[in-house]
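> Below is one structure. I have some questions about it.
Derivation of every value follows stated rules applied to the coordinates shown; laboratory data play no part. Quick caveat: nothing in here was measured; it's all calculated off a predicted structure. With ideal geometry, Cβ positions are generated from the backbone for all residues, glycine too; neighbour counts draw on all protein chains shown.
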Amino acid sequence: MKRHYILACVASAFMLFSGCGENTQNETKKEIVELKVGATPVPHAQILEVIKEDLQKEGIRLNIVEFSDYVTPNLSLNDGSLDANFFQHKPYLYVMNKERKLDLVAVADIHIEPMGLYSTKIHDIADLGQNNTIAIPNDPTNGGRALILLHNKGLITLKDPSNLASTEADIIDNPKGLKIVSVEAALLPRIIKEYDAAVINSNFAIPAGFTSKDALIIEDRSSPYVNVLVVKANNVDNPHILTLKKVLQSPKVKEFIEQTYNGELVPVF
């Protein structure tokens, strides 16, 4: 009798602890992992907002950290303050890695934002006058990109238009005597009235009310400046990053980009 009583107690204890273990496993399954992703407000943060619920279903809480400049998001990612960022194109990432000695990697191609030349003073590129002043972004890659746009549309001639890091020093012909002024990219929409025209990135042009139809000239859709999701090199195979990549390249996001931005942005996946 005593032996049966002891066995019954052992069995009860086993069932009790097994039950506790099962509860612990269930609680573990319910744990939510937070991913902090840096982004500029438009369009990157808007696109990320679309996938919040989808990531939540995958056990990921998306914390979108907005930035208004092009430097801090990469520095914050490199020092571990962010898990990923989504705001830049590949040539810019390459330059930042080289100049700042960062170890960041693009893990997903998302979209292209055609860069355009805008003006509040003239309404046709033919009206661009002699010695007019054009403002361009002051960071090396977007500055070079702006100059290549001007070259491709015949306004200037560059020594090597395939050089994505071209500067004003690489201009070998300037028939209109255009004055090129470098300004922080984020400021260009606000101070465009101070210049005859300005070359502006779409993510700054769109919230300022400009559309591609307003541009005097605009990049072709074959632009190499693809906007990418970026992480630290040692985080490329992180399963939560892979989930973020999968959801960000979903048909839902593609449809959102096409319907929301009406051609101002072009999905590439």
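> In whole percent, what relative contact order does region 116-218 give with Cα contacts below 8 Å and a gap of six or more residues?
Details: 184 pairs, mean separation 45.8, N = 103.
For region 116-218, the relative contact order is 44 percent.
> Using Cα atoms only, what is the angle between the long axis of helix 2-29 and the major principal axis of the chain, expressed in degrees (0 to 90) to the nearest 10?
10 degrees
> Now a separate question. Mean residue ellipticity at 222 nm from the helices of the chain, using -39,500 (n - 2.57) per DSSP H segment of n ≥ 4 over the full residue count, to the nearest 500 deg cm²/dmol?
Values: 10 runs with 99 residues, N = 269.
For the chain, the value works out to -11000 deg cm²/dmol.
> Counting only residues 5 or more places away or on other chains, whose amide H sits under 5 Å from the amide H of Val226 once H atoms are built in the peptide plane?
Long-range HN contacts for Val226: Lys90.
> Which angle between 0 and 90 degrees, to the nearest 10, do you get for helix 90-100 versus the longest principal axis of the chain when only C-alpha atoms count?
80 degrees
> Right, something else. Please express the Cα-Cα pair-distance distribution P(r) of the chain as a list of whole percents, one per 5 Å bin, running from 0 to the bin with the greatest distance.
1, 5, 11, 15, 15, 13, 10, 7, 5, 4, 3, 2, 2, 2, 2, 1, 1, 1, 1, 0, 0, 0
> Now for a separate question. Size of the dipole of the chain about the Cα centre, Lys and Arg at +1 and Asp and Glu at -1 on the beta carbon, nothing else charged, in debye to 20? Walk me through the intermediate numbers first.
Numbers: 27 positive and 33 negative charges, 167 e Å.
Dipole magnitude for the chain comes out near 800 debye.
> Follow-up question, since we're still on this one. Near Lys246, which lysines are there with a Cα under 24 Å away, not counting those fewer than 8 places off in the same chain?
Lys29, Lys30, Lys36, Lys52, Lys57, Lys90, Lys232, Lys254
> Once the convex hull of the alpha carbons of region 47-124 is built, what does its volume come to per residue, in cubic angstrom?
Values: hull volume 11.6 nm³, N = 78.
For region 47-124, the hull spanned by Cα atoms encloses 149 Å³ per residue.
> Under a 5 Å amide H to amide H cut-off, with H placed in plane at 1.01 Å, what residues pair with Ala197 once short-range neighbours are removed?
Thr133, Ala135
> Which three extents, in whole angstrom, do the alpha-carbon atoms of region 116-218 cover along their principal axes, largest first?
Over region 116-218, Cα extents along the principal axes are 34, 27, 21 Å.
> Now for a different question. Indicate, rounded to the nearest 5 percent, the antiparallel portion of the DSSP beta bridges found entirely in the chain. Could you put the intermediate results ahead of the total?
Numbers: 20 of 37 bridges.
Rounded to the nearest five, the antiparallel share is 55 percent.
> Just to be sure I understand: of the beta bridges DSSP finds with both ends in region 110-269, what percent are antiparallel, rounded to 5?
Values: 11 of 18 bridges.
If I count the DSSP bridges inside region 110-269, around 60 percent turn out antiparallel.
> Now for a separate question. So who's got an amide H within less than 5 Å of the one on Ala108, skipping anything under 5 residues away but keeping other chains? H placed 1.01 Å off N, in plane.
Leu229
> Right, next: Show me, for region 235-251, the HN-Hα J-couplings you get by feeding each phi into the Karplus relation (A = 6.51, B = -1.76, C = 1.60, θ = phi - 60°), rounded to Hz, glycine and proline as x.
10, 4, 9, 4, x, 6, 5, 5, 5, 4, 4, 4, 5, 5, 9, 7, x
> Next up: Sort 40-53, 211-224 for me by packing, meaning the mean count of neighbouring Cβ atoms within 10 Å per residue, highest on top. Show your work: numbers first, answer last.
Details: 40-53: 19.3, 211-224: 15.5.
Highest to lowest by the protection proxy: 40-53, 211-224.
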